[in-house]
1. Got a sec to turn the phi values of region 184-191 into Karplus ³J(HN,Hα) couplings, 6.51 cos²θ - 1.76 cosθ + 1.60 with θ = phi - 60°, whole Hz, x for Gly and Pro?
2. Can you check what the net charge comes to around residue 185, using other residues whose Cβ is under 12 Å from the Cβ of residue 185 (Lys, Arg +1; Asp, Glu -1)?
3. Which value, in Å to one decimal place, does the Kirkwood hydrodynamic radius take for region 121-232 when every pair of different Cα atoms is included?
4. Long-range amide H contacts for residue 270: which residues qualify at under 5 Å (H placed 1.01 Å from N, peptide plane, sequence gap of 5 or more or a different chain)?
5. For each of 384, 49, count neighbouring Cβ atoms within 10 Å of the residue's Cβ, then give the residues from fewest to most.
6. Counting each DSSP H run of 4 or more residues in the chain as -39500 (n - 2.57), what helix-only mean residue ellipticity at 222 nm follows after dividing by all residues, to the nearest 500 deg cm²/dmol?
7. Counting C-alpha atoms alone, how compact is region 7-85: give Rg to one decimal and Dmax as a whole number, in angstrom.
8. What per residue convex hull volume, in Å³, do the alpha-carbon atoms of the chain yield?
Amino acid sequence: MDFDLTPGEEKFREEVRAFLAEHLPSTEARKKLGPSFLPEWWRLIRERRWVGFDWPKECGGGGGSIMEQYILKQAMLTARAPALGRDYTGLGWVGPAIIQFGNAEQRARYLPDILDSQSAWCTGYSEPGVGSDLAALACRAVRDGDTYVVNGQKTWTSMAHFGTGLICMVRTDPDAPKHDGISCLLIDLASPGIEVRPIESFAGDHFAHLYNDVFFRDVRVPVANRVGTEGQGWEIICSALQRERSGIAEVNRHHEALERLFKLAADSRIAGKPAIENGALRRKLAAFDARIEAARLNGLRSLTRQVRGENPQSDASINKLHNCDLLVEMAETGLQLLGDASPYLGDTDASLYGGRWQVSALGWPTTVIGGGTPNVQKNIIAERMLGLPKD
Ligand SMILES: Cc1cc2nc3c(=O)[nH]c(=O)nc-3n(C[C@H](O)[C@H](O)[C@H](O)COP(=O)(O)OP(=O)(O)OC[C@H]3O[C@@H](n4cnc5c(N)ncnc54)[C@H](O)[C@@H]3O)c2cc1C
């Protein structure tokens, strides 16, 4: 595909760059300002409709074309600007589910808060014993007049302890085939009968409390909070997961990680010699660089399909798989350098580089397992793309 920009797209890119030059404080200034700078940042980008830029204009979004979305995202990532909005899950897949499957009342009620960074949505799919085989979920919702009564448990629910709402998949028809008996409810996390309990992470303080079990005991949820029809939950999950996985598949952070890895190699020694002169390490770093480029090209292939209005097939799964492999291997190389190569700085304290490498190496499950494990992505690629038979 020809990626030359049209004059209109070129103008838009200049507009974004000019905005960044004027409004994005330097990295140093941002460090001093801390999170206090974010509300103003979100206000400014919201004013320009760059929050929810991919959403239709009539839903409060920016109505950006696929190429404009790409231009905006690239410019923001290159400038290492903060996220385009606070409610990552709301913007990423809850809002789009409401836009695609919800009704006008739900759009009016939920979308403005997502765009104004007032809400914090969480994802309620997984249950104990139900992860990869998500269609087996058992959390039950029984209709009682204008409400559903929900009983059961969700697990691994990221951020539920400071979330405002949960996009929750529940079983409304236990007699239907398992994929057909699921419905999607938007549940207020402050509803009576909900208990959120922390799951401690092995990664210690850095990840001490991000994940939770969520228990439902006779939680009453208005029928008006159901997205789509009863039994449409599986279709909604599939669409939302596609979006979640494509968000994970972004290469810019790999460039940053590789830069840090080069710096670490430059500061380390292997067998008394500068690590950066070690042939095996140099080959490894070069291979990372080549694989990041492959990931970038894969992303562009996916973009091409979207611009042409073609089915993106299993692009999100391919990209997630490839990116997760890179993430884990680069973090492990960093750890090996810290461990085996005795850093040149003579500092073997675990807090070297702020403990960044240890945190990346221990923190990989969020990216790798969340949104579906690598094995599940391989199954999707094998069955849907390569046409291989199911086991
Ligand atoms: C840090 C973190 C954050 C998370 N956040 C959320 C969240 O916010 N909301 C939410 O709903 N869920 C969340 N999850 C849950 C996540 O989606 C599930 O953990 C994931 O889908 C795997 O499910 P499972 O843990 O039940 O493992 P299982 O499904 O039991 O899998 C165990 C192993 O078996 C393999 N396996 C399973 N089935 C197959 C198959 N058919 N073919 C080949 N291999 C297979 C898997 O690849 C894996 O290696 C999170 C998980 C983690 C670790």
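Each reported figure results from applying straightforward, stated rules to the coordinates on display, with no laboratory input. Keep in mind the model is a prediction, meaning the values are calculated, not measured. Heads up, the Cβs are rebuilt from the backbone with ideal geometry, glycines too, and the neighbour counts pull from every protein chain shown.
1. 10, 10, 9, 10, 6, 5, 8, 5
2. Spelling it out: positives minus negatives among the neighbours equals +4.
3. Numbers: mean 1/r = 0.0707 Å⁻¹.
Result for region 121-232 stands at 14.1 Å.
4. Placed amide hydrogens put 275 under 5 Å from residue 270.
5. Least crowded to most crowded, the residues run 384, 49.
6. On the way: 12 runs with 173 residues, N = 391.
Computed ellipticity for the chain at 222 nm equals -14500 deg cm²/dmol.
7. Cα only, region 7-85: 12.7, 38 Å (Rg, Dmax).
8. Details: hull volume 65.1 nm³, N = 391.
About 166 Å³ per residue, rounded to a whole number.
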